[in-house]
Amino acid sequence: MRSSINRPPTPDVDEEPEKEPTLQEIINIKLIESGEKEKLMELLRERLIECGWRDEMKAICRAYARKKGRNNVTVDDLVHVVTPKGRASVPDSVKAELLQRIRSFLTSAAI
Amino acid sequence: MSASNDGNSSPRSQFASHCFEDLLDSIIVDVASECHRIARLGLDRNLEEEEEELRLSVQARVADPSSSSEVNSKNVVDVFGQTHPAIAAEILKCMNCRQRVVAGRFAPHLEKCMGKGRKARKVTRSTVARSSHPHGSPVSVYAPYSNATSTNTAPNGTSGHAGEEYADYPYGET
């Protein structure tokens, strides 16, 4: 009824009304801020190296580069080449371990 | 284990999967970027490629008559517009034996000239003595090469002189 008094301030052009950060974003931020994301990244990197995944991917890239011509490859190309195979060939144990870590982080962050 | 962990469809699991894929994607980009670098810089000792490059470069060299002056330069003009004969013709004085040598024949000359000392190597100026060198080395007393015009050619066996191996360069005037 008395809407005019409590009218929210007109948002400026540059100051868009921020939509509520999604839960996901909040978690993400927590993950990063606590340093856990970095640790998870390192862990994943290490596991993937240990299990030979990285070498496989490098071999794929090399083969692709040889085929396409060493100077004709772009990073984009390689990413597109490697991503499907890469995602599919992560060992289950590695994936499980990482998921476990993430979940326990979520638990400890009380989300 | 945890009650809220009910299968893959729970938002928590979803998030976990999503997060994992994020991490994986980053790592994939890392790998791709590194491989890209290796490919472009040619750091990969990939035989096929190397052979290919070798072949190509040989082809190029053959096909291109105006190759650089550092190799295959028979009457080819170099960057300064000079031409050089195939065998360098300048005459130098060998620092070892002080003979006159054609530059183009200098290396083989040196092989013979200095190589004679090879059997009894390990000579330094200070250690070589007029004494005990059982094998004939140029640094021995005989000093067969000191037929020089150099003012420093004191009779053989001056201790300072004995190091023929290193030439008399600092002594000789060349």
### Message
Per-residue counts of other Cβ atoms within 10 Å, averaged by peptide: what ranking do you get for A:46-59, B:82-95, B:101-114, highest first?
### Response
A:46-59, B:101-114, B:82-95
### Heavy-atom accessible area, 1.4 Å probe, ligands and nucleic acids excluded: residues of the stretch A:73-103 down by at least 30 Å² from chain alone
A:Val73, A:Val75, A:Leu78, A:Val79, A:Arg87, A:Lys95, A:Leu99, A:Ile102, A:Arg103
### Task
List the residues whose amide H sits under 5 Å from the amide H of B:Lys93, counting only those 5 or more places along or on another chain, with H placed 1.01 Å from N in the peptide plane.
B:Val101
### Message
Which residues, if any, in the stretch A:22-48 lose at least 40 square angstrom of accessible heavy-atom surface (probe 1.4 Å) when the other protein chains sit next to their chain rather than the chain being alone?
### Response
A:Gln24, A:Lys37, A:Met41, A:Leu44, A:Arg45
### Task
Within the set of other residues whose C-beta is less than 14 Å from the C-beta of B:Ile91, count the net charge using Lys and Arg as +1 and Asp and Glu as -1.
+3
### Summary
note: chain A, Cα-Cα separations exceeding 25 Å make up a percent value of 52 percent
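The values are calculated or read from the model by the stated rules, or taken from the named source; none is laboratory data. If you're wondering where the values come from, they're calculated on a predicted model, not measured in any experiment. So basically every Cβ, Gly included, is an ideal-geometry build from the backbone, and we count neighbours across all protein chains shown. Ligands, DNA and RNA are excluded from the accessible area calculation, which covers all protein heavy atoms including side chains. Shrake-Rupley method; radii C 1.70, N 1.55, O 1.52, S 1.80 Å.
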